[in-house]
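I have placed the structure first, in the form of structure tokens, so that the comments after it can refer back to it.
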Amino acid sequence: MNGSKEHDQICDAIVIGAGFAGMYMLHVLREAGLSAIAFETGGDVGGTWYWNRYPGARCDTESLFYSYQFDEALQQDWNWTERYPAQPEILQYAQHVAHRFDLKRNINFNTKVTDALWDENAQLWNVSTNKGAHKRCRFLISAVGCLSAVNVPDIDGLDDFKGEYYQTGLWPREGVNFRDKTVAIIGTGSSAIQSIPVITEQARHVTVFQRTANYVVPAQNRPLDPTEVAKIKSDYPSLRAKAKATYSGNIFPTGGSSALDVSPEERVQEYENRWRAGGLGLMGAFQDLQSNQASNETAADFVRNKIREIVKDPEVARKLTPTNTFGCKRLCVATNYYETYNRGNISLIDLNDTPIQRITSNGVRTTRQDHDVDILILATGFDAMTGALNRINIQGTGGEKLRDTWRDGPVTYLGLGVHGFPNMFTITGPGSPSVLTNMIPTIEQHVNLIGKCLISMSKKNASRIEASASAQDDWVAYNAELANRSLRVTCNSWYLGANVTGKPRVFMPFVGGLPAYIEKCEEIVRDDFKGFLIT
Ligand code: NA7
């Protein structure tokens with residue numbers, strides 16, 4: 001669609017982003033009879049899955065649950081082929097949803113929102129884009145995603161490299177040919193860990209530059225069996241409800257209360273069962289793994305032993321063995337990650353022993369040697385949770401900039417609204433469970449709440465909503481208190497912003513679990529959106 005044609009029209013809502021959050025938000029707004037458009041930087045729908053096309057990219061949540069549940073016919077009709085969906089299949093699903101609900105007619109693709117300025121007199125947001133469009137709307141809804149602003153680390157000489165250069169989070173649509181090539185990969189988070197086994201199968205040699213060893217569990221991915229799928233689909237409502245009642249919105253069996261309550265043999269058997277089952281379920285083996293360091297150590301040791309069993313070269317196994325708290329950084333789920341280090345065409349450089357000095361025109365120079373390569377890949381993650389919003393010039397009442405309000409870390413009420421930024425909602429914003437949960441159901445919960453709020457406002461003829469300063473302060477303090485009780489604050493994770501130079505160290509997602517969060521949201525809805533000032 002052509003944004004400039006509608007220059008003077010005021011729409012009810014502008015949605016920033018057309019990933020899974022933006023698409024569903026558009027649908028809900030339209031169903032509520034509101035006029036809405038979306039702006040999307042990418043050339044099509046899919047959000048983070050549009051950009052993260054690196055080899056091996058796959059979701060770490062099971063496909064039958066990493067999907068929308070708002071429309072029964074949709075969830076019955078769509079057929080996933082594998083236990084964990086690969087990136088191309090997730091994009092096909094996004095396309096299917098966009099066509100099924102005719103969403104694309106309201107989405108401006110290849111268009112980045114640059115500014116959003118609140119006009120208190122008119123009670124409207126003025127939104128500008130890099131295409132020169134200027135639009136006004138009553139409500140600004142951020143669906144920018146938690147992991148969408150790519151983090152480019154401050155490594156000297158990045159621009160000097162003369163070979164092929166890629167970032168996992170901005171992977172070229174046409175793909176990359178690794179045949180007979182030498183490759184350097186910087187980073188060992190989920191993106192690297194998924195892509196390294198696939199790239200190593202194709203390339204001549206791969207050199208991995210690791211700053212922190214991560215815990216990696218096998219996905220145990222497999223094609224889905226039609227009988228299993230039919231069984232899940234016939235029981236979808238109760239399985240979805242069950243998932244919603246768990247800490248992370250996933251369907252792993254709930255573990256015992258403490259890893260220390262059972263014998264060492266029973267404990268290891270529990271870990272072994274979950275390792276064999278595959279995926280993130282190991283995190284839920286016992287309920288105190290993120291609150292009791294001694295319990296946590298038992299899970300950490302279990303994975304460390306697995307690494308020593310799998311990796312044949314003891315020195316490589318040593319380097320791959322994580323020393324930090326298990327699950328403190330996001331647990332990585334992959335296929336054949338540790339096994340790949342038994343191949344002859346891969347080397348692992350521990351940056352703690354030999355730091356990178358600079359990137360040269362030919363490759364990576366560490367304090368020990370030059371590693372000349374044909375292809376350099378940065379798998380260095382994201383400016384998570386706040387980066388995408390802070391890169392837009394968002395100004396609320398009195399011209400206050402969001403990035404200034406968040407200078408010392410993000411502050412929100414429920415991760416949904418920010419004091420000083422009226423009529424702005426942030427889907428899965430910092431302060432909500434978001435990245436600690438299965439994202440699509442969590443997105444739906446937020447979008448449904450925003451939809452209810454707008455319908456209620458329209459019934460009351462209300463035009464302005466803003467998170468109250470006191471409700472926001474209380475929520476921020478509560479979140480910080482819970483986070484400080486968790487072992488999750490003990491390492492340099494992206495949850496804390498620790499991966500981005502200069503970013504304030506604040507635990508950004510709500511750590512109290514999905515059930516507690518949903519209960520709080522339901523309470524505020526019952527209480528006429530308590531904590532928000534509606535006028
Ligand atoms: P992550 O998980 O943030 O991983 C980034 C990796 O890059 C991680 O190993 C970092 O080491 C490393 N890194 C970052 N900056 C540097 C520098 N300057 N030098 C060397 N190494 C560096 O991002 P991913 O894209 O893999 O995954 C993000 C999420 O997407 C993931 O958790 C899933 O939820 C999906 P560090 O650990 O900071 O020492």
* **Cβ-Cβ under 6 Å pairs, at least 6 apart or on other chains, region 487-509 side among the aromatic types (F, W, Y), far side within 8 Å of the ligand (Cβ to nearest atom)** => W494/G381; W494/A384
* Asked: Is one or more of the residues making up region 447-454 small (G, A, S) and in contact (Cβ under 8 Å) with a residue 24 or more places away in the chain?
  -> yes
* **Residue check for A122: modelled with pLDDT of 95 or more, within 16 Å of the ligand (Cβ to nearest atom) and either more than 24 Å from the chain's Cα centre (by Cα) or not hydrophobic (A, V, I, L, M, F, W, C) (or both)** => no
* Asked: Only one residue in V152, V144 is under 30 Å from E444 (Cβ atoms), of a type in the set (V, I, T), within 16 Å of the ligand (Cβ to nearest atom) and open to solvent by 20 Å² or more (accessible area, probe 1.4 Å), so which one is that?
  -> V144
* Asked: Which condition number does D71 fail, the rest of (1) open to solvent by less than 50 Å² (accessible area, probe 1.4 Å); (2) within 16 Å of the chain's Cα centre (by Cα) being met?
  -> (2)
* Asked: Across region 450-465, which residue is nearest to the chain's Cα centre (by Cα) among those that are more than 20 Å from G420 (Cα to Cα) and in a helix (DSSP H, G or I)?
  -> G451
* Would you point out which residue out of V476, V447, V489 is within 16 Å of the ligand (Cβ to nearest atom), of a type in the set (A, V, I, L, M) and part of a helix (DSSP H, G or I)? => V489
* To do: Name every residue in region 22-41 that is open to solvent by 10 Å² or more (accessible area, probe 1.4 Å), in a helix (DSSP H, G or I) and in contact with a helix residue (DSSP H, G or I) (Cβ under 7 Å, 6 or more places away or on another chain), in order of residue number.
  => Y24, V28
* Structure fact -> Scanning region 225-247 for residues that are assigned to a loop (DSSP other than H, G, I, E, B) and either buried (at least 17 other Cβ atoms within 10 Å of the Cβ) or polar (S, T, N, Q) (or both) gives T246, Y247
* Could you tell me whether region 242-251 includes any residue that is in contact (Cβ under 8 Å) with a residue 12 or more places away in the chain, within 14 Å of the ligand (Cβ to nearest atom), touching a Gly at 6+ places or on another chain (Cβ under 8 Å) and within 30 Å of N79 (Cβ to Cβ)? => yes
* To do: Kindly indicate whether any position in region 320-335 is part of a helix (DSSP H, G or I), within 13 Å of the ligand (Cβ to nearest atom), under 27 Å from the mean Cα position of the chain (by Cα) and closer than 21 Å to S347 by Cα.
  => yes
* Between a first residue in region 363-384 that is at positive phi and a second residue that is away from the ligand (no atom under 13 Å from the Cβ) and open to solvent by less than 60 Å² (accessible area, probe 1.4 Å), which pairs have beta carbons less than 6 Å apart while being 6 or more apart in sequence or on different chains? -> G363/H371; G363/V373
* Structure fact -> Checked region 418-435 for anything outside any loop (DSSP other than H, G, I, E, B) and polar (S, T, N, Q); matches are T426, S432, S434
* **Selection within region 351-370 - open to solvent by 20 Å² or more (accessible area, probe 1.4 Å), part of a strand (DSSP E or B) and more than 11 Å from the ligand (Cβ to nearest atom)** => Q357, R358, R365, D370
* Please specify each residue of region 51-65 satisfying the condition of being open to solvent by less than 20 Å² (accessible area, probe 1.4 Å) and closer than 14 Å to F20 by Cβ. => N52, C59, T61, S63, F65
* Structure fact -> Of the residues in region 374-417, those that are open to solvent by 20 Å² or more (accessible area, probe 1.4 Å), in a loop (DSSP other than H, G, I, E, B) and within 16 Å of the ligand (Cβ to nearest atom) come to T380, G381, D383
* To do: Name every residue in region 248-262 that is at pLDDT 95 or above and either in a helix (DSSP H, G or I) or under 20 Å from K306 (Cβ atoms) (or both), in order of residue number.
  => A259, L260, D261, V262
* Looking at S257, is it among the small types (G, A, S) and without any contact (Cβ under 8 Å) to a residue 12 or more places away in the chain? -> no
* Taking region 89-102, which residues are touching a residue at least 12 places away in the same chain (Cβ under 8 Å) and out of contact with any Pro (no Cβ under 9 Å at 6 or more places or on another chain)? -> E89, I90, L91, A94, Q95, H96, V97, A98, R100, F101
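The values are calculated or read from the model by the stated rules, or taken from the named source; none is laboratory data. Nothing here was measured: the structure is a model prediction, and the numbers come from that model. Here the Cβ is made from the backbone with ideal geometry for all residues, glycine too, and neighbour counts use every protein chain on show. The protein model used for the area step is the full one, side chains on, heavy atoms only, and it has no ligands, DNA or RNA in it. Shrake-Rupley method; radii C 1.70, N 1.55, O 1.52, S 1.80 Å.
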